[in-house]
Amino acid sequence: MANAENTAADGLGMGRVQVEQLLSGGVDVITGGNHSWDSPESVGLLNLPQVVRPANVDPEVPGRGFVHVPVGEEMVTVLNLADGCAMASTKATAGRVGPAYTAWKAADRRGITIVDYHGDHVLEKQIFAHTVDGTAAAVVGTHTHEATDLPRLLPNGTAFVTEVGMTGPDGGVQGFAPENLVNNLRTTGNPFDGPMPTVYRAPIVLGAVLIEIVGGLAASIQRVR
């Protein structure tokens with residue numbers, strides 16, 4: 001599975017070419033977050049059966065929050081959730097974001113469950129992971145782009161990492177070139193009030209974890225570099 005909410009050419013939302021490359025390259029499920037509705041192209045891609053966005057939004061918001069994927073003789077449920085802070089500036093979901101744990105309880109979870117928890121708050125991610133420990137096979141954090149070390153197995157068999165990290169250009173500002181953001185901050189006091197940043201040009205780094213699941217729960221988790 002891959003979170004692809006920043007794969008568009010400008011780094012905002014999903015791009016069709018990039019999503020097709022991921023799917024043809026072996027990705028089975030694409031997850032999202034606050035950028036899932038950034039463009040008409042991104043919204044259109046939410047119709048693909050392999051693409052999900054956070055489940056804890058109102059039903060009329062485009063997209064689905066989870067998907068069932070048969071893997072060999074197993075069924076895997078991939079559930080996408082987000083915290084309120086990550087979604088706060090998302091116009092498509094303004095006033096229509098609910099609690100992540102409520103969406104977890106309501107989801108049609110079948111077989112092995114893997115959660116992409118898209119959130120700003122380390123505390124919320126950790127509390128959620130411990131709450132579903134032994135029920136979800138894995139909870140992988142996304143959104144902040146900065147990979148955290150120490151992926152771990154929780155006591156009851158759930159693999160957890162606070163932040164998987166970004167696969168993208170090393171350095172810069174979450175994959176963007178810093179110049180416009182810096183100039184905006186210096187001239188207006190607001191880094192986002194002015195010319196938008198461009199994608200940073202630098203060597204690509206990998207943000208990923210590999211999880212081994214046995215009997216419905218995690219046997220190991222390790223960072224892939």
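The values are calculated or read from the model by the stated rules, or taken from the named source; none is laboratory data. Note that the structure is a prediction, hence the values are computed from the model and not measured. Because the Cβ atoms are built from the backbone with ideal geometry, glycine has one as well, and the counts that use them run over all protein chains shown. Heads up: the accessible areas ignore ligands, DNA and RNA and are worked out on the full protein's heavy atoms, side chains in. Shrake-Rupley method; radii C 1.70, N 1.55, O 1.52, S 1.80 Å.
Table for the structure above
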| item | result |
| --- | --- |
| Selection of GluC sites (Glu not before Pro), region 92-163, meeting DSSP coil and at most 11 other Cβ within 10 Å | E146 |
| Where labels lie 7 Å past Cα in the beta-carbon direction, separation of F192 and K105 in nm | 3.2 nm |
| Sparsely packed GluC sites (Glu not before Pro) within region 22-89, loop by DSSP, other Cβ within 10 Å at most 13 | E60, E73 |
| 222 nm mean residue ellipticity, helices alone, for the chain (DSSP H n ≥ 4; -39,500 (n - 2.57); rounded to 500) | -5500 deg cm²/dmol |
| Charge dipole magnitude, Cβ of K and R +1, D and E -1 - region 55-201, Cα centre, debye nearest 20 | 200 debye |
| Accessible area (Å², per residue) of region 128-225, counting only protein heavy atoms and a probe of 1.4 Å | 55 Å² |
| Signed unit charges on C-beta, dipole axis of region 26-125, positive-most listed residue M87, L48, H68 | M87 |
| Extension gain, A219 back to L206 (0.36 nm per residue minus Cα-Cα distance, nm) | 2.4 nm |
| With Cα atoms, 0 to 90° folded angle of helix 179-188 axis to the chain main axis | 60 degrees |
| Top of V67, V19, V27 by mean-square fluctuation, Gaussian network on the chain, Cα under 10 Å | V27 |
| Surrounding net charge for V97, when Lys and Arg each add one and Asp and Glu each subtract one, Cβ distance under 15 Å | -2 |
| Cα-centre dipole for region 133-225 with unit charges at Cβ (Lys and Arg positive, Asp and Glu negative), debye to 20 | 120 debye |
| Whole-percent carbon and sulfur share, accessible surface of the chain, 1.4 Å | 54 percent |
